[in-house]
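Since the structure comes first, as structure tokens, the remarks are kept for the end.
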Amino acid sequence: MRNINKIIIHCSDSDIDSHDDISVIDRWHKERGWAGVGYHYFIQSNGNIQVGRDIRDVGAHAYGHNGDSIGICLHGRNKFTESQFKMLAMLIKYYTKEFSIKEVEGHCHYDSTKTCPNFDVNWFKKKYL
């Protein structure tokens, strides 16, 4: 198993209903020349969790930070649901315990050119974790 030290939160940057599926993200990432979806998890608007890359595999979601992180993406750009936040919190709680992870941040924390995940991660952590 690879060494996992952090969780990086993302958003799909689309509020379009037809984009609310990991298969869309998989197609987008393949169009960029990647092997497939770069996230380990995708959380749909209704809170369903879809599995992307195997957790044992390095993701493709945050340049320079993929090797030691888990990438979790929420469907949405500006509209996120309570169900998504609750499921995100559940995943984070599980993996922070499983791997003793102390670092949970949004993609923008690692790349100042990004706004992703387009919500205040500190607010999320205070409310849900």
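The values are calculated or read from the model by the stated rules, or taken from the named source; none is laboratory data. Predicted model, so just to flag it, every value in this text is computed and none were measured. Glycine gets a Cβ as well: all are built from the backbone with ideal geometry, and neighbour counts include every protein chain shown. Accessible surface is based on the protein model in full, side chains and every heavy atom, while ligands, DNA and RNA are left aside. Shrake-Rupley method; radii C 1.70, N 1.55, O 1.52, S 1.80 Å.
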Point to revise | CD proxy at 222 nm, helix term only [per DSSP H run n ≥ 4: -39500 (n - 2.57); per residue of the chain; nearest 500] | key: -9000 deg cm²/dmol
Revision key, fill the gap. Computed from every Cα-Cα pair in the stretch 62-126, P(r) in 10 Å bins starting at 0 and rounded to whole percents is 18, 55, 26, 0
Exercise for review: Run the accessible area of the chain with a 1.4 Å probe and give the carbon-and-sulfur part as a rounded percent.
Suggested key: 47 percent
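Just reorder Met87, Met1 by solvent-accessible area, largest first, 1.4 Å probe, all chains present. Write down the numbers at each step before the final one.
Numbers: Met87 55, Met1 135 Å².
Result of the area sort, largest leading: Met1, Met87.
Antiparallel versus total DSSP beta bridges in the chain: what percent is that, nearest 5? Walk me through the numbers before you get to the answer.
Values: 3 of 16 bridges.
Roughly 20 percent of the DSSP beta bridges within the chain come out antiparallel.
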Point to revise | Area accessible to solvent at Thr115, 1.4 Å probe radius, in Å² | key: 100 Å²
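If a/c stays under 1.5 just call it rounded; otherwise compare a/b with b/c (prolate if a/b is bigger, oblate if not). Do that for the chain, with a ≥ b ≥ c from the square roots of the Cα gyration tensor eigenvalues. Mind showing how you got there, number by number?
Values: a/c = 1.38, a/b = 1.05, b/c = 1.31.
Rounded shape, in that the Cα axes give a/c under 1.5.
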**Study point:** Which of Val121, Val58 is most accessible, then next, and so on - probe 1.4 Å
**Key:** Val58, Val121
Review point. Rank Ser45, Ser100 by accessible area, highest first, at a 1.4 Å probe radius?
Key: Ser100, Ser45
Review point. Using the heavy atoms of the protein chains alone and a 1.4 angstrom probe, what is the accessible area of the chain per residue in square angstrom?
Key: 53 Å²
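Return the loop-located trypsin sites (Lys or Arg not before Pro) in the stretch 80-129 (DSSP other than H, G, I, E, B) with at most 11 other Cβ atoms within 10 Å of their own Cβ; answer none if there are none. Don't skip to the end; give the middle numbers.
On the way: sites: Lys86, Lys93, Lys97, Lys102, Lys114, Lys125, Lys126, Lys127; in loops: Lys102, Lys114.
Qualifying residues, ordered by number: Lys102.
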